[in-house]
1. Report the label-to-label distance for residue B:104 and residue B:37 in nanometres (one decimal), using points 7 Å from each Cα along the Cα→Cβ vector.
2. Could you state the angle between the C-alpha long axis of helix A:94-116 and the longest principal axis of the C-alpha atoms of chain A, as a value from 0 to 90 degrees rounded to the nearest 10?
3. Each label point is 7 Å from the Cα along the Cα-to-Cβ direction; what then is the distance between the points at residue A:157 and residue B:23, in nm?
4. Working from Cα positions, state the angle (0 to 90°, nearest 10) between the long axis of helix B:21-37 and the longest principal axis of chain B.
5. Between residue A:89 and residue B:187, how high is the FRET efficiency from 1/(1 + (r/R0)^6) when r is the Cβ-Cβ distance and R₀ = 56 Å? Nearest 0.05.
6. Extent of the protein assembly as shown along each principal axis, from alpha carbon coordinates, in Å, largest to smallest?
7. Give the separation of the Cα centroids, segment A:96-131 to segment A:27-79, in Å.
8. For the Cα atoms of chain A, what angle does the longest principal axis make with the long axis of helix A:24-37, in degrees from 0 to 90, nearest 10?
Amino acid sequence: MELSESVQKGLQSLGDQTVLDRCSFPVVVDACFRSLLFSRGDPAVLDLPELKHLDKILLKQIHAAATTFILEAVKHNADKSTISFSLEELTFNTERIETFYTTFQKHKKDLELILSSIGRGPAHIKDVSWRLQYQMKNGQLDKVNEPFYLISLSTETGGASEDVDFSCTAEQLQDLVGKLKDAAKSVEKASQV
Amino acid sequence: MLLVLTEEHREHLSMLPQVEPSVVGEFGRIALEFLRRGTSPKIYEGAARKLGVSVEAVQQGVEGLMFLLMESSKHTISEVDFMDSVLILGFGEELNQVLLQLYQDNKVQIRRILSQLIPSQPAFHQLEWRLDVQLASRSLRQRLVPTVTMRLMLSESEEGQRSTRVLQTDPSTLLHLISTLEAALAAVKTSHSRRILRNIK
């Protein structure tokens, strides 16, 4: 993995035993993962009592470098050897590599989920609701006497939900279901390849 | 059911027996054309000149005929009821037959034209689909996510203005959609629905 100079410097400070002792290291690593997963840009994520004795600016540099490294590792789906190799180059000892990697493994899936939600795409269908109605008469015609369906697809685009409503006859609904079944069949066939 | 014709309406139609039945047939054709495309005053003037009556009388005759046909089609009244309603006007037998013929020949078409006036919701027209697999994105470089992308075409109104929506779904939601819509299709075949469809006529 390619890392920029500032990231490398920050990680070196993270691995340096004169900067962070054995007790502070896991606290800092945990804080970095937490700020990616839970805190939603909470500025107080590094305001922990165990870290009070550290220089604030240095702590920020370490935090920035570590979070960048974590995201890059998730992005490229890095395996244990790649991560160990990169950290070794930056003078991490085996114990610290182990601690970092275990925490990484624990949170990897959640980080992937967060990264996958970034991006655009067409509206995503979440659910469908339907209603069967019988039209008897209207303002222009008596004796219409036809059943029809009202279908509502609830879709979501980037957090905003929208409903797509339309009406159709029973034959049209049959046609629609037939096409959806074709799509499902082709998904199944593709998954067996 | 019998049609109730107002005084004014009967007055307008009273000019019909004064002309020959073939002319009434012609008026009928004009009336249908107007229902389809909208009125055009020039035709009134032409007909008035040919028959030697006032333009107003022609207009009233044609419009009265239009209204008669529209109301009859709206309620889909039977032959017997139509004849009974027309009998009140006191026309001759031949004229009544001409009117009945006009009604029967064009009932379906008139109903279709009237249905265009109803406020309509977007109606389903077509669905196209395609299976996609996402391999990578800017934030994640190794992915394998199958999605089904669909293009749903709806017609907004009777004239056929189409609107197109591009939608996406994942395979499990697709299966859920299929099972829900199949349940919807089954709903029209239940005994409850059948009973209502049979009895409300």
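The values are calculated or read from the model by the stated rules, or taken from the named source; none is laboratory data. Computed from a prediction, not measured in an experiment: that's the story for all the values here. Every residue, glycine among them, receives a Cβ derived from its backbone with ideal geometry; neighbour counts consider all protein chains shown. For accessibility, only protein heavy atoms count, side chains too; no ligands or nucleic acids. Shrake-Rupley method; radii C 1.70, N 1.55, O 1.52, S 1.80 Å.
1. 2.8 nm
2. Long axis of A:94-116 versus the principal axis of chain A: about 20 degrees.
3. Placing both labels 7 Å beyond Cα along the Cβ direction yields 6.2 nm.
4. Result, in degrees: 30.
5. Values: r = 66 Å, r/R0 = 1.17.
Result of the calculation: an efficiency of 0.30.
6. Cα spread of the protein assembly as shown along its principal axes, largest to smallest: 117, 46, 38 Å.
7. What the calculation gives is 19 Å, centre to centre.
8. Helix A:24-37 sits at roughly 20 degrees to that axis.
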